[in-house]
Amino acid sequence: MEPFKRSSDDFIFPGLATGRPISDASLLKLVKQTHPTLTVHGFRSSFRDWCAEQTNYPREVAEAALAHSLKDKTEAAYQRGDIFDKRRRLMDSWADYCLSGIRVSEIAPINKAAN
């Protein structure tokens, strides 16, 4: 499998404006244009189910990857790190899972800047 070309910023889905991610509306429009019968509802839930059922990543890492905040204020006060490296490994595993069986030639670029 060929490696993906990365844009100059750190966004997986870069927007047209430098340093900004693609908007939710743009991503939804892309899904509707390319796969009219699909919906994005449940994608986050699918990720969370996969984390719990198919991986050994701690719950805290999965919740942080979903940008869920801690409701317990005391726990939140002590949890100051971002566990970024653990979240990166989790998301790499998720990408591998999502792309298993998909050829790079089947992946459509989102915008011209991402080519």
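Since every read-out is calculated from the coordinates, none of them should be taken as a lab result. Keep in mind that this is a model prediction, so the values were computed, not measured. Don't worry about glycine lacking a Cβ; one is built from the backbone with ideal geometry, like all the others, and counts go over all protein chains shown.
Here are some notes:
- Chain lengthening between R20 and F43 when straightened (0.36 nm per residue, less Cα-Cα): 6.1 nm
- Net lengthening on full extension, K73/K32 (0.36 nm per residue, minus Cα-Cα): 10.8 nm
- Taking label positions 7 Å along the Cα-Cβ direction at both E63 and W50, the computed distance is 2.1 nm, reported to one decimal.
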